[in-house]
Structures are given as structure tokens and as C-alpha cells.
1. Thinking of the chain as a set of Cα atoms, what percent of all their pairs are more than 22 Å apart?
2. State the Kirkwood hydrodynamic radius of the range 50-147 in Å, one decimal place, computed from all pairs of distinct Cα atoms.
3. Measure off, as a whole percent, the carbon and sulfur share of the 1.4 Å-probe accessible area of the chain, all protein chains present.
4. Assuming 0.36 nm per residue, please report the length gained on full extension of the stretch residue 151 to residue 173 beyond their Cα-Cα distance.
5. When the distances between all Cα atoms of the range 140-229 are binned every 10 Å from zero, what whole-number percent does each bin get?
6. At 20 °C and 1.002 mPa s, what whole-number value in µm²/s does Stokes-Einstein give for the translational diffusion of the range 85-133, with Rh from the Kirkwood sum over Cα pairs?
7. Please state the charge dipole magnitude for the chain, taken about the Cα centre, from unit charges on C-beta atoms (+1 on K and R, -1 on D and E), reported in debye and rounded to the nearest 20.
8. Taking loop as defined by DSSP and a crowding limit of 11 other beta carbons within 10 Å, which trypsin sites (Lys or Arg not before Pro) in the range 3-35 fit?
Amino acid sequence: MTTPKSVAGRLFTLLGVFSEQRPSANLSELSRCAGLALSTTHRLVSELVEWGALDRDADGRYHVGLRLWELAVLSPGSLGLRERAMPFLEDLYEVTHQNVQLAVRDGLEAVYVERISAHNAVNVVTRVGSRLPVHASGVGLAMLAHAPAEDQELALRSPMRRFTAKTITTPAALREKLAQVRRDGYVISDAQIELITLSVAAPVRGADDGVVAAVSIVVPQDGVDVSTLVPAVRTAARGISRALGAPSAVRSPRRGAP
């Protein structure tokens, strides 16, 4: 790892050590993973703790602090979106008492900004703040289908990670799926991430009518009547779009609209 020269770069490198797989780390681990001297790591980590970006527990391990969460919720990708979406997410949750998710797109990844789930819902790998590639997730496909052409072409050219035997991994399959999403106004992602789950997702539009997010239901792969889920997901997406001021959401529904 190339050690950043600037103080800001070193701070970002330290924060980048934390992930879903590594939610905590001690000083030695931070030093090693960031490629920084132990003394430098100690000084910078102390400043991060003082500011609230990191917290230190009784075992001497560091965790991401609430101060970063406070800043994250101010992101244009989530500011106002979650609050306006919650009533519709809650209504959608009542349909299945499974997993209801709201995501925004960051490049070729879907970032999950909200999730409602029952304790007995089918297991999913996502949580608030986690990411999945757009080619393999329902919400990701719903957003990518309406992304700028250059972003779609980048996705088509980029390596596509395989999660299961059903994961989309070829440009031809992805291109066909995106066209289908644009035609239908929703997407069914069947066992792409886990063989036991199926998701139904639809795009959410903002004030300029561009797609700014996506909403989905994730249910068990077997024994679910998908035809009952599609109208519910599309209705939720349209309701959130209307709350965000999307012009198309206040006009009469058309084929291919959320």
C-alpha cells in the first residue's frame, strides 16, 4: 500500500481500514493495514477519537464513531429521502413482513440507506450502509437501467462478480436485463446474491424525474407469489417519487413508469 503524504490522506486511509468484515481494530492492526508507523497511527487515531470519528472500547479496540454517521445522513443521497420514504416503506413492509430496502447508487454499487425487517424474515446479507454491485442486486439493476449511458457502458465493460449460479455475469445478459427493467418499470432479481432469496425492485424518481433511488422487497425464493409483490413495490416507489416531487409520479401512470 502506498502511504499517503498528506495528513488528510492518512486520516482517510485509517478510516478506510474499517469495513463490514472488519468493524473494529486495535492500534497495531490499524498501523499495519494503513501502512503507517505505529507512532503516527497513535497520534492520528487520538485526534479521530477526540473529534468523534472513532470510539475506543474497554478492550482497546476502535470502532467508527457516531460523528461520522451524523455527517453521512447529510449526504444528498439520503438527506430527506429516508424521511419521505419511510411511510411508504412501512406500508410495503406490511405486505410480507419480510425485508424492505431503500438504496441509492454510488457508481457501480448500490448503497443501502434504509431497511425494515422482521425477526423471522428471510436472511439477507445487506444492512444499512452496506453495498452490493449494481449488476447483481434488484435495487442496483432498477437504478442502473435509468443511469446515464456512460455509467451503463462502464458497468457492461467492468468485471461482474459471481455470487451464485444465477448471477448476471455477461454484458449480453446485463444489457438484456436493463432493457427489460426500462420496459416493465420493475425488476425481479432471482437468487442472484443468495440462492434462498428473491427481490422485487422498482426505481424512485426525484424532482427532475431522474431516478435517484430504488426500493425493494426481499423474500424467500420458494413459495412466494411474485405477482402480488410487483404492484406493491411499484406503488411504494411511485409514492416515494411523488413525495420527492417527481413530475411523472403525479401524472397518470404509463407503461414502464415506477
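The values are calculated or read from the model by the stated rules, or taken from the named source; none is laboratory data. Only a predicted model underlies this, so the values are computations on that prediction, with no experimental measurement involved. FYI the Cβ positions are ideal-geometry reconstructions off the backbone, even for glycines, and counts take in every protein chain you see. Side chains are part of the model used for accessible areas, which takes the heavy atoms of the whole protein and leaves out ligands, DNA and RNA. Shrake-Rupley method; radii C 1.70, N 1.55, O 1.52, S 1.80 Å.
1. Details: 19469 of 33153 pairs.
Summing the P(r) of the chain above 22 Å gives 59 percent of all pairs.
2. Values: mean 1/r = 0.0661 Å⁻¹.
Its Kirkwood hydrodynamic radius stands at 15.1 Å.
3. Details: 6940 of 12930 Å².
Of the solvent-accessible surface of the chain, carbon and sulfur hold 54 percent.
4. Values: separation 22, 0.36 × 22 = 7.92 nm, distance 1.65 nm.
Result: 6.3 nm gained on full extension.
5. Computed distribution, short to long bins: 17, 46, 32, 5.
6. Numbers: Rh = 11.3 Å.
Using the Kirkwood radius from Cα pairs, D works out to 190 µm²/s.
7. Details: 29 positive and 26 negative charges, 123 e Å.
Value, rounded to 20: 600 debye.
8. Working: sites: 5, 10, 32; in loops: 5.
Hits after loop and neighbour filter: 5.
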